[in-house]
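Visitor: One structure coming up, written as structure tokens, with questions to follow.
The values are calculated or read from the model by the stated rules, or taken from the named source; none is laboratory data. Predicted model only: the values in this text are computed from it and were never measured. As a convention, Cβ positions derive from the backbone with ideal geometry for all residues, glycine included, and neighbour counts pool all protein chains shown. For accessibility, only protein heavy atoms count, side chains too; no ligands or nucleic acids. Shrake-Rupley method; radii C 1.70, N 1.55, O 1.52, S 1.80 Å.
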Amino acid sequence: MTDLLQLARAAQANAHAPYSGFRVGAAIRLQGGETFAGCNVENASYGATICAERGAIMSAVAALGTVSVVEVVVVSEGNPPWPPCGMCRQVLSEFCVPDCPVHAVNGEGVHLTWRFDQLLPSGFTPEYLIESP
Ligand code: THU
């Protein structure tokens with residue numbers, strides 16, 4: 001957890017957030033122990049913004065292909081600290097193990113933790129794409 005927190009804070013410092021002013025960092029650990037980080041990257045066309053959590057996942061997949069995520073840390077200045085947004089939960093659901101701990105931490109050190117399947121119960125999964133006979 002401590003290593004992911006450091007990675008997430010370093011990424012948070014690089015956030016491109018001139019529109020909202022909210023800097024977010026995220027870091028993930030994979031089954032094999034590898035770690036990846038991301039930050040929010042906003043855009044003047046607001047809808048093109050990418051959240052920190054999705055940035056971390058995209059980096060992991062770009063480096064290694066399909067991955068299995070076993071721990072997530074999100075750092076924000078929210079109070080309470082921000083959990084991943086709905087879109088990030090959906091993207092994480094494709095790669096997270098169900099009991100994956102998701103930690104949200106703010107600058108004051110407030111720390112909340114959920115299991116991933118608490119954050120997105122009954123999500124849309126690839127199983128729905130399997131055609132029934
Ligand atoms: N943001 C994230 O990076 N992750 C989330 O899960 C929630 C929101 C970013 C998007 C935007 O740049 C800023 O925070 C305010 O919504």
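Visitor: Among the residues of region 6-21, write down those that are open to solvent by 20 Å² or more (accessible area, probe 1.4 Å) and closer than 20 Å to Val67 by Cβ.
Guide: If the condition is that a residue be open to solvent by 20 Å² or more (accessible area, probe 1.4 Å) and closer than 20 Å to Val67 by Cβ, then Leu7 is the only one that fits.
Visitor: So, in region 20-43, exactly how many residues are part of a strand (DSSP E or B) and among the aromatic types (Phe, Trp, Tyr)?
Guide: Qualifying residue count for the region: 1.
Visitor: So Pro81 fits all but one of (1) within 14 Å of the ligand (Cβ to nearest atom); (2) open to solvent by less than 40 Å² (accessible area, probe 1.4 Å); (3) closer than 29 Å to Leu129 by Cβ; what number is the exception?
Guide: (3)
Visitor: Working only within region 9-19, note down all residues that are touching a helix residue (DSSP H, G or I) at 6+ places or on another chain (Cβ under 8 Å) and either under 17 Å from Pro81 (Cβ atoms) or modelled with pLDDT under 95 (or both). Give the derivation first.
Guide: As a first pass, look at region 9-19 and keep what is touching a helix residue (DSSP H, G or I) at 6+ places or on another chain (Cβ under 8 Å): 11-12, 15, 19.
Ala11, Gln12, Ala15 - these are the residues of region 9-19 that are touching a helix residue (DSSP H, G or I) at 6+ places or on another chain (Cβ under 8 Å) and either under 17 Å from Pro81 (Cβ atoms) or modelled with pLDDT under 95 (or both).
Visitor: Okay, moving on. Consider Gly109 against the criteria (1) away from the ligand (no atom under 13 Å from the Cβ); (2) touching a residue at least 12 places away in the same chain (Cβ under 8 Å): it satisfies all of them except one. Which criterion is unmet?
Guide: So Gly109 meets the others, but not (2).
Visitor: Then there is this: If we keep just the residues of region 27-49 that are in contact (Cβ under 8 Å) with a residue 12 or more places away in the chain and among the aliphatic types (A, V, I, L, M), which is nearest to the ligand (Cβ to nearest atom)?
Guide: Step by step, filter region 27-49, then rank; the result is Val41.
Visitor: Further question on the same structure: Determine, yes or no, whether Val24 is on the phi < 0 side of the Ramachandran plot and either away from the ligand (no atom under 12 Å from the Cβ) or open to solvent by 30 Å² or more (accessible area, probe 1.4 Å) (or both). Steps first, answer last, please.
Guide: Working: on the phi < 0 side of the Ramachandran plot: yes; either away from the ligand (no atom under 12 Å from the Cβ) or open to solvent by 30 Å² or more (accessible area, probe 1.4 Å) (or both): no.
No; evaluated as a whole, the condition is false for this residue.
Visitor: Of all residues being more than 15 Å from the chain's Cα centre (by Cα) and over 20 Å from Asp3 (Cα atoms) in region 32-55, which is least open to solvent (accessible area, probe 1.4 Å)? Just the residue, please.
Guide: Glu42
Visitor: Collect the residues in region 56-69 that are open to solvent by less than 40 Å² (accessible area, probe 1.4 Å) and either without any contact (Cβ under 8 Å) to a residue 40 or more places away in the chain or touching a Cys at 6+ places or on another chain (Cβ under 6 Å) (or both), keeping them in residue-number order.
Guide: Ile57, Ala60, Gly65, Val67, Ser68, Val69
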